[in-house]
1. From a point 7 Å beyond the Cα of A:ASP271 in the direction of its Cβ, which residues of region A:558-575 have a backbone N at a distance under 17 Å?
2. In the protein assembly as shown, if the dipole is taken from +1 on Lys/Arg beta carbons and -1 on Asp/Glu beta carbons about the Cα centre, which of A:SER395, B:PRO237, A:VAL115 is farthest to the positive end?
3. Roughly what % antiparallel, to the nearest 5, for the DSSP beta bridges in the protein assembly as shown?
4. If r is the Cβ-Cβ distance from A:THR185 to A:THR453 and R0 is 25 Å, what FRET efficiency results, to the nearest 0.05?
5. Under unit Cβ charges (Lys, Arg +1; Asp, Glu -1), what dipole magnitude, rounded to 20 debye, does region A:81-277 have relative to its Cα centre?
6. At a threshold of 8 angstrom on Cα-Cα distance, excluding pairs fewer than six apart, so keeping six or more, what relative contact order does chain A reach in percent?
7. Treating the beta-carbon of each Lys and Arg as +1 and of each Asp and Glu as -1, no other charges, what is the dipole magnitude of region B:14-71 about its Cα centre, to the nearest 20 debye?
8. With no solvent and one equal point scatterer per Cα, compute the Debye intensity ratio I(q)/I(0) for chain A at 0.06, 0.08 Å⁻¹ and report its log10, rounded to two decimals.
Amino acid sequence: MSAVAGASPLSVPLPLAGRGRGWGSIRLPHGLKITTTPTPAPPPPRKGKGIAATLLCLLPALFLLAAPARADTIWRRGETADPGSLDPAKTSTVVEAHILDELLEGLVTYDNKGVLKPGVAARWDVSADGLIYTFHLRPDARWSNGAPVTADDFVFSFRRLMDPKTGAGYANILYTVKNAEAVNTGKLPVETLGIRALDPATCEITLERPTAYFLAQLTHFTAQPVYPPSVAQYGDAFARAGRLVSNGAFRLKSYLPNDALVLEKNPYFHDAAEVALDGEIILPLEDQSAALRRFLAGEIDSYDGVPVDQIAFVRAHLPDAFKVAPSLGSYFYAFDTKQKPFDDIRVRKALSLVIDREFLANSIWGGTMLPGYSFVPPGMAGYGAPSTTGWKDESPFDREDEAKRLMAAAGYGPEHPLQLTFRMNQSENHKATAVAVADMWAVLGVRTTFIVTDATTHYAFLASKQPFDVVRSGWFADYPDAQNYLFLAESDNPGLNYAQFSDPTYDALMHDAAVQPDAGERQKILHKAEAVLLAQLPYLPLMTYQAANLVSPKLRGWETNVIDHHPGRYVSKVE
Amino acid sequence: MLRLILTRLASAIPTLLAVVALSFLLMRLAPGGPFDAERALDPKILANLRRIYHLDLPLPAQFGYYLWSLLHGDLGPSTHWRDFSVNDLFAKALPISVQLGVEAIALALVVGITLGITGAVWRRGPAAFGVAALSTFGLAVPIFVVAPLLQVAFGLTLRWLPVGGWADGAPSHQILPVLTLALPQIAIVARLTQAAMRDALAAPHIRTLRAFGLPAWHINAHALRGALLPVLSYLGPAAAALLTGSIVVETIFGIPGIGRYFVDGALSRDYTLVMATVVIVGAMVVVFNLLVDIAYGLVDPRVRYD
């Protein structure tokens, strides 16, 4: 299929032909034409009715313009938010990651089933000690202007990411690369970073220590390349339409914030022959109900969210389009384990035992969540089934009795009820969940007070390390490895260990796992660590997220997968 | 007249400065900052970012830095839309909000004044009832209800108009948002016109005209001139509000205007973006109030600026 030529019809402004006098033919976007018989010119309008008459004549023209006709091979893709940036050193959100995956290709990447596969690197060798990765780049890797993608481009991109002057928010994901942390904190020059080009087609990365999940990390946007000449020319403002040179299956044609990103097929992409789409229009749609209406009207082909209060409607009316699949996200509460009485395992366990997770997942969240009894969500690559709490299958009554016994042992009961304060960020679903949980806790005599703030205030409070009782929290994997979950409880992870959990056994297990070269052994150690976490419960697991998507049956090659990753290069569209 | 314009513009400068200073302080008082998000940043990385955006400076220095940039017409970098400056964002979004706002005001004036006159001239009967019903509906039903209803009716059921999107300002994409924006304004303008027109029709000079036996349309035209004054006063702040966009309409219809920047900016603590919105709204209020005063001089013979 041919690539969209320079003069793509995508952005042709809609002309209002005819001006109410019989319009002959109207050119619709995408080059389609609707031809109509000219209507006789209306009689000369009488004074006072001119405006109304003109308006009446205009109306049918406008309705025709709105007719849902468009080119077949453009995927109109609704996303829940606008990207804050298209610079892989400055992105942070899931939506930004989705869009960057269309534009940029790292050394390794994922296919539409969520399976790791070669990207710019055709193959790679790992040294026996697991410290040195040598990537052999594919000879046909090209930027969207036709220039070859070289090992030096990756060296440049990694150095830029770690350069403190860049201010990359997620640079610490790749602190696994040798000297990365020292470079990022300004202690060493960028040239000392553990990446070098052996020749234009060979890139060598040296690690700080053997890291079993390093390849998975390389799929993260922080490891995606930027085109050095653009950065040299435009500085930090290179990631705009008309400037951004990309090496993925698509390239950026235009972008109006809060409106649309228009992507066109990159003719220089090494797999361009297999890319069926001519382009994508990515529409940031914050209002999920409005997005659902646009989907129903056929204005978008897919949307990565479903309003929870409309789940029943969607299930009933759009069974073919509604795709729900487990994803690598957990919904949990965190206890301040430094704070009385939440430093007491008995209290934490009692509060966990009485929660009816099936009710939360099915009734509050309309089945878009799964009940969560583990900390690591199910489906993590190589990890197998996660460890779960031992009491998962006990009857609710036994669990309640056990919880009451634990609370009594900790000194709480009907005459001495536990009073706790729960903090969360503003959201109808979070509120409904918290109210239900507080009601479940009430059987233990617990009295819950809520503090609801806007999201920024909530996260700023968590970052401030002020004492609290219980907070709402959650986590989505940056890369699919159990370590990316379990590190939330490491004592030397002050930024993200909201529970202030500190346990030498746990830290030792996590360290053992980090240096364990054998993949199977390493997963066993991580399982042991998770078991410690579930016994101690610094975090109270409630649910695991599922990705809910609306996908038109017209789209082929769109597959559900745990990383909720849907690259357009595998997608085709039929009418 | 020129003197009025000059004095008003001169007094606008300290007003705007006070607005800027106050909102600068209020934004900094809000808990959290532009880099507080679900995934907390490493403190070392946070330090890098604060340095890059000059947030590590003491507050007075930050304010001075901001004012200095502002005087040079630079609204600063956006911390949320990190590939753009606030100037870039507003250059694209402001014309869109202004366009929709102007269309909504025009519609509100044409329809509202017509309805108001109708309701005042035919005081009883179905016309007056219709006007009363429509204006009550427009006032009572909030736009976040009206907008989805219009989407369902015209976009999904009748399939006449697109449900949402901007599409480079295609006319069909503007009808529902403009209608939604205009509806409450139509109601207010209709009520104001109707009440003022009733009073005007009962005024002694109109009675005199009637006594002379002038045709009805002539009498009504005279009454309307006086009746438009309350509408004119209302128009100043209303225009400033409409032209600077509506978060509800822009979010529901997916319009890339500046209304969303105000709220999104405040929620994500994008200081420069919020400040820019404040400056623009403040300037619009000043300008429109001035325009209203000038128009008063033209419409009301009792007001003359010499």
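We did not get these values from a lab; they are worked out from the coordinates using the rules stated. Since we're looking at a predicted model, the values are computed, not measured. As a convention, Cβ positions derive from the backbone with ideal geometry for all residues, glycine included, and neighbour counts pool all protein chains shown.
1. Backbone N within reach: A:558-573.
2. The residue sitting farthest along the positive end of the dipole is B:PRO237.
3. On the way: 58 of 75 bridges.
Around 75 percent of the beta bridges assigned by DSSP in the protein assembly as shown are antiparallel ones.
4. Details: r = 31 Å, r/R0 = 1.25.
After rounding to 0.05, the efficiency reads 0.20.
5. Working: 18 positive and 23 negative charges, 39 e Å.
Value, rounded to 20: 180 debye.
6. Values: 1142 pairs, mean separation 103.6, N = 575.
Relative contact order comes out at 18 percent.
7. Working: 5 positive and 4 negative charges, 19 e Å.
For this selection, approximately 100 debye.
8. Taken in order of the listed q values, log10 I(q)/I(0) reads -0.37, -0.64.
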